[in-house]
């Protein structure tokens, strides 16, 4: 008989929280676990970026364990169980995919997204929302939140017609930012720089690039190339602080040539 690994993990979680279980696990609350839920999510993203299937498998397990942990806490308080969580998501996915589980015919992703929004509007609690922008968590990283908000606005027609329109807007915002630099007004510089970032996110969304992924990959490249400079400097017995910018730039270019 095939082992039920999911039930096994649920049982392990219950034992960790039970009498004679782990002191640390027994002390945790929904609130105390929030940082770990976020951390495990980003470790999954990092593993995906690295392209390591074994790491993705490992990190997905850690993320799933966080979900089971939260469900166990709720179960102990008589609020809901992990089965309730699974049942609800199953119901929701069937309702929101009538083109798969029903008779409705939808042929494109755009049609699916538009129908998804209509179905959500008919669900309990949605009528209390005053804006289609509600429901995008404030706790999301700013780039992701901007991307999601722009997506929602675009679904109802608040959208650019051409990429050229968006890049022209970027030129306009950069121009306004440059003016604030000359004025040396910190508040206005922050405001205008925020506008530049927002338009850059719009460009990313328009061309189908996730801005958070793009920036994260660039950060990884920066780390790798800068570490190359550090390694080279160490091999020469030179302190980075004693190197000139042109010397570091030369090593940076070497790092790029090696594919880092």
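The values are calculated or read from the model by the stated rules, or taken from the named source; none is laboratory data. Nothing here was measured: the structure is a model prediction, and the numbers come from that model. Quick reminder, even Gly has a Cβ in these numbers, built from the backbone with ideal geometry, and neighbours come from all protein chains shown.
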Checking 65, 101 in turn, the sole residue that is touching a helix residue (DSSP H, G or I) at 6+ places or on another chain (Cβ under 8 Å), over 25 Å from residue 201 (Cα atoms) and loosely packed, with under 13 Cβ neighbours inside 10 Å turns out to be 101
Determine if segment 152-160 includes at least one residue that is loosely packed, with under 11 Cβ neighbours inside 10 Å and touching a helix residue (DSSP H, G or I) at 6+ places or on another chain (Cβ under 9 Å).
yes
Which of the residues spanning segment 94-138 are touching a residue at least 24 places away in the same chain (Cβ under 8 Å), in a helix (DSSP H, G or I) and closer than 17 Å to residue 152 by Cβ?
96, 113, 114, 117, 119, 120
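Would you point out which residue out of 259, 157 is under 29 Å from the mean Cα position of the chain (by Cα), part of a loop (DSSP other than H, G, I, E, B) and within 30 Å of residue 108 (Cα to Cα)? If you could, list the steps in order and put the result at the bottom.
Working: 259 fails: within 30 Å of residue 108 (Cα to Cα).
It is 157.
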Here is a check on your reading of the model: is residue 247 surrounded by fewer than 17 Cβ atoms within 10 Å (Cβ to Cβ), under 24 Å from residue 49 (Cβ atoms) and either at pLDDT below 95 or not assigned by TED's automatic domain parsing to the domain that holds residue 155 (or both)?
no
Quick test of your reading of the structure: residue 241 fulfils all but one of (1) at pLDDT 95 or above; (2) over 30 Å from the mean Cα position of the chain (by Cα); (3) loosely packed, with under 11 Cβ neighbours inside 10 Å. Name the failing condition by number.
(1)
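One line per residue, one yes/no per condition, for (1) surrounded by 14 or more Cβ atoms within 10 Å (Cβ to Cβ); (2) at pLDDT 95 or above:
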{"site": "207", "(1), (2)": "no, yes"}
{"site": "217", "(1), (2)": "no, no"}
{"site": "225", "(1), (2)": "yes, yes"}
{"site": "260", "(1), (2)": "yes, no"}
Name every residue in segment 13-32 that is under 29 Å from the mean Cα position of the chain (by Cα), surrounded by 13 or more Cβ atoms within 10 Å (Cβ to Cβ) and assigned to a helix (DSSP H, G or I), in order of residue number.
13, 25
Looking at segment 192-209, is at least one residue more than 24 Å from the chain's Cα centre (by Cα) and either in the same structural domain as residue 164 (by TED's automatic domain parsing) or without any contact (Cβ under 8 Å) to a residue 24 or more places away in the chain (or both)?
yes
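Between 143, 149, 193, which is farther than 30 Å from residue 17 by Cβ, surrounded by 15 or more Cβ atoms within 10 Å (Cβ to Cβ) and out of contact with any helix residue (DSSP H, G or I) (no Cβ under 8 Å at 6 or more places or on another chain)?
Only one candidate qualifies: 149.
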Confirm whether residue 214 is part of a helix (DSSP H, G or I), without any contact (Cβ under 8 Å) to a residue 12 or more places away in the chain and within 23 Å of residue 48 (Cβ to Cβ).
yes
